[in-house]
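Here is the structure we will look at.
The values are calculated or read from the model by the stated rules, or taken from the named source; none is laboratory data. In this text, all values refer to a predicted model and were calculated from it rather than measured experimentally. Note that each Cβ is placed from the backbone with ideal geometry, even for glycine, and that neighbours are counted across all protein chains shown. In case anyone asks, the SASA skips ligands and DNA or RNA and just uses the protein heavy atoms, side chains included. Shrake-Rupley method; radii C 1.70, N 1.55, O 1.52, S 1.80 Å.
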Amino acid sequence: MTQIQINSNQILQSFDEWCDLGEWVVVPSRLPQSSSDKVGLQSVILQLRGGAASTSSSRPPSRMLTVLCTVGEPNVASATEPLLVNAIRGEKSYQMICKKYPSFRERSENVDLVVEISLQPWKVFKPDGVILFSDILTPLPGMNIPFDIVKGKGPVIYNPLRTATDVDQVREFHPEESVPYVGEALTILKAEVNNEAAVLGFVGAPFTLASYVVEGGSSKHFSKIKNMAFSQPKVLHALLQKFTDSMARYIKYQADGGAQAVQIFDSWATELSPVDFEEFSLPYLKQIVDSVKKTHPHLPLILYASSSGGLLERLPLTGVDVISLDWTVDIAEGRRRLGLDVAVQGNVDPGVLFGSKEFITKRILDTVNKAGNDKHILNLGHGIVVGTPEENVAHFFEVAKGIRYAI
């Protein structure tokens, strides 16, 4: 989800204190020269081709698609300091917005603010991706699950769901009624970028959303959601089904509004054992993908689950187009385990950005070469750590954009 930060130390009081992001840096070899909507992340996923990676400038320049974007997901326990797309958190304009509108929900539920914040980094850096400024918990109020984001604490679910009666009160989510500002913002964003960039959306996965609403917020041990899973499995399955139907509908709504790719965040699925993942996460992810592909067969879907090494072989069974890997998995090994026909995203350790520029370059090229000749989206494996030298983040971006593949 992704970013370049201008001055991380000045913005730690922003909503991003509790967010957790995934960074996307898309570096394919060549894309069609058409100006149609197909020149976007869909083209990247379907057409990533090439050979050995190089930063040589002697090679004829190919049209590079570099997406550096951000997706917010609440995670108080994370040691990372999430960043908005590129440099917006450090820009004075964004600081002024935060000062005037201190509530994250206020900023993310106002069409004009969503568009302005989403476009800020694109206007500065002109990356080939613009991501919607939003959050995975945004749909909750529309499902009759009140929540807020408390400074220093993160997301708070006022009435955690613990019983069958609680789950019965959860309504179906109709995004056109509950979050019309999302569709409006995506439509405006697509028109603003005018096919010069791919517009990206995202949603939370059923198990991850269920974890938040059952735990009452972020969690360390996930004892409450596991209590429900193992003592009241029918109740949890009922809740997961409601989130599944709602998120499938939400993805389609985002696509209809202008999103050209959507990432599904199942960050907490890796708290499950493989056998429990197969019961409480996998079938619901597959339902979402199957439902979306029936109506939007060409919409690229990306799945991110942090620390997913223990579940790797099971992730492609969801049917998504891309599997995102964090740095705890060697990307060459990950590709072998997933199958070379599966597109991957990842997976430079964010800590690498504390190294020298030469070291950063070496790790980037090592990652690209290990990933192979095609179907790879280069990115960091997780959010950027607080205190990361901003010039090193900029260097990562520059090196990524300069990579060419041997044909």
Item to check | Which numbered condition Ala259 fails, given (1) at pLDDT below 95; (2) open to solvent by less than 50 Å² (accessible area, probe 1.4 Å) | outcome: (1)
Checklist entry - Taking the stretch 227-239 as the search range and keeping residues that are small (Gly, Ala, Ser) and open to solvent by less than 60 Å² (accessible area, probe 1.4 Å), which one is farthest from Asp290 (Cα to Cα)? => result Ala229
Checklist entry - If you take the residues in the stretch 339-353 that are more than 20 Å from Lys401 (Cα to Cα) and over 20 Å from the mean Cα position of the chain (by Cα), which one is modelled with the lowest pLDDT? => result Leu340
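Here's the yes/no breakdown for (1) farther than 19 Å from Leu380 by Cβ; (2) modelled with pLDDT of 70 or more; (3) in a helix (DSSP H, G or I):
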position	(1), (2), (3)
Gly50	yes, no, no
Ser57	yes, no, no
Met64	no, no, no
Ser78	no, no, no
Leu83	no, no, no
Ile97	yes, yes, yes
Leu119	yes, yes, yes
Leu137	yes, yes, no
Val156	yes, yes, no
Checklist outcome for this item: Residue hits (the stretch 289-313; closer than 30 Å to Pro350 by Cα and in contact with a strand residue (DSSP E or B) (Cβ under 7 Å, 6 or more places away or on another chain)) are Val289, Leu299, Pro300, Leu301, Ile302, Leu303, Tyr304
Item to check | Qualifying residues in the stretch 171-204 (those that are open to solvent by 10 Å² or more (accessible area, probe 1.4 Å) and β-branched (Val, Ile, Thr)) - the one farthest from Ala259 (Cα to Cα) | outcome: Ile188
Checklist entry - In this structure, is Val262 over 10 Å from Pro206 (Cβ atoms) and assigned to a helix (DSSP H, G or I)? => result no
Checklist entry - Can you name every residue in the stretch 273-299 that is outside any helix (DSSP H, G or I) and surrounded by fewer than 24 Cβ atoms within 10 Å (Cβ to Cβ)? => result Ser273, His296, Pro297, His298, Leu299
Checklist entry - Which members of the stretch 376-407 meet the condition of being touching a strand residue (DSSP E or B) at 6+ places or on another chain (Cβ under 7 Å) and closer than 25 Å to Val342 by Cα? => result His376, Ile377, Asn379, Leu380, Gly381, His382, Gly383, Ala400, Ile403, Arg404, Tyr405, Ala406
Item to check | Residue satisfying condition, being outside any helix (DSSP H, G or I) and surrounded by fewer than 22 Cβ atoms within 10 Å (Cβ to Cβ), within set Lys242, Lys220, Lys224 | outcome: Lys220
